[in-house]
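Novice: Below you'll find the structure I mean.
The values are calculated or read from the model by the stated rules, or taken from the named source; none is laboratory data. This one's a predicted model, so the numbers in the text were calculated from it and none came from an experiment. Note: ideal-geometry Cβ built from the backbone for every residue, glycine included; neighbour counts use all protein chains shown. SASA here: full protein model, heavy atoms, side chains in, ligands and nucleic acids out. Shrake-Rupley method; radii C 1.70, N 1.55, O 1.52, S 1.80 Å.
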Amino acid sequence: MPITLVDRGEYHSFIPSIHEIVSGANRARDIQIPLALILGLAGIAFVRDEVLSLDLESKKVLTSSRILDYDYLVLSSGVENNFYDVRGAETFSHRFRSPEDAERIHADLCSLLADKTQACSIVIAGGGRKV
Ligand SMILES: Cc1cc2nc3c(=O)[nH]c(=O)nc-3n(C[C@H](O)[C@H](O)[C@H](O)COP(=O)(O)OP(=O)(O)OC[C@H]3O[C@@H](n4cnc5c(N)ncnc54)[C@H](O)[C@@H]3O)c2cc1C
């Protein structure tokens, strides 16, 4: 049975290594694997596209460029950041979810630490899951 994976992103990111980007031990590209490559090796087709809507009656997935038919559909769209109403967190904090987020944190930490004239303090807001 043919399997197709649709994702708007080009890469699978090995998130357990994301802290290595923050520390500078690795670059984003070191923990990113092209989805087309790994899926191709497993005989899975990859469509890089945005899923816009589903038609459950007629079993169709509408993306920004095509309509895909399916017999079985697995939805795994991940999660979004949640700031749990911590005042100022959304406006002033860095996100920490993707390799690109981690590169921004690394760059900002480097510039903060390079400034020897000022003491720097860092606040980590959140990090858990609300149940
Ligand atoms: C900092 C950090 C460290 C972590 N460390 C670990 C760890 O050490 N071990 C561990 O087990 N877990 C870890 N996790 C958790 C782990 O990353 C997540 O549990 C896991 O990625 C969830 O997988 P998922 O497939 O549900 O979602 P995701 O990995 O978020 O994948 C969802 C995918 O859906 C795609 N997508 C969403 N909407 C659309 C759309 N409309 N059209 C097309 N594509 C779409 C997105 O592009 C994305 O690629 C960590 C998470 C974070 C943030």
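Novice: Can you give the convex hull volume per residue for the Cα atoms of region 5-131, as a whole number of Å³?
Specialist: So the per-residue Cα hull volume is 163 Å³.
Novice: Continuing with this model, one more query. Before anything else, pin down the relative contact order of the chain: Cα pairs under 8 Å, at least 6 apart, normalised by residue count, whole percent.
Specialist: 25 percent
Novice: Residue by residue through region 95-110, what is 3J(HN,Hα) from phi via Karplus (6.51 cos²θ - 1.76 cosθ + 1.60, θ = phi - 60°)? Round to whole Hz and write x for glycine and proline.
Specialist: So the J values, rounded to whole Hz, are 6, 9, 10, 10, x, 5, 4, 5, 5, 5, 4, 4, 4, 5, 4, 4.
Novice: From the phi of every residue in region 18-24, what ³J(HN,Hα) in whole Hz does the Karplus formula 6.51 cos²θ - 1.76 cosθ + 1.60 yield, where θ is phi - 60° and glycine or proline is x?
Specialist: Once rounded to whole Hz, the list reads 5, 5, 5, 6, 4, 6, x.
Novice: How far, in nm, would the chain grow between Phe92 and Lys59 when pulled straight, counting 0.36 nm per residue and subtracting the alpha carbon separation?
Specialist: So the chain would gain 7.6 nm between Phe92 and Lys59.
Novice: For a quick check: with amide H placed at 1.01 Å from N, whose amide H comes under 5 Å from His12's, ignoring anything fewer than 5 positions away on the same chain?
Specialist: Ile33, Leu35
Novice: Suppose each label sits 7 Å from its Cα in the direction of the beta carbon; what would the Thr4-Asp69 distance come out to in nanometres?
Specialist: About 1.1 nm, to one decimal.
Novice: For the chain, what is the percent of antiparallel DSSP beta bridges, rounded to the nearest 5?
Specialist: So the antiparallel bridges in the chain amount to around 70 percent.
Novice: Can you compute 3J(HN,Hα) from phi for each residue in region 74-79, using the Karplus curve 6.51 cos²θ - 1.76 cosθ + 1.60 with θ = phi - 60°, rounded to whole Hz and x for Gly and Pro?
Specialist: 10, 9, 8, 8, x, 10
Novice: Alpha carbon centre of region 59-114 versus region 1-48: separation in Å?
Specialist: 14 Å
Novice: So, for the chain, what is the accessible surface per residue at a probe of 1.4 Å, expressed in square angstrom?
Specialist: 80 Å²
Novice: Percent of accessible area on the chain owned by carbon and sulfur, 1.4 Å probe?
Specialist: Carbon plus sulfur share of accessible area: 55 percent.
Novice: Stokes-Einstein D for region 1-68 at 20 °C, 1.002 mPa s, Kirkwood Rh over Cα pairs, in µm²/s?
Specialist: 155 µm²/s
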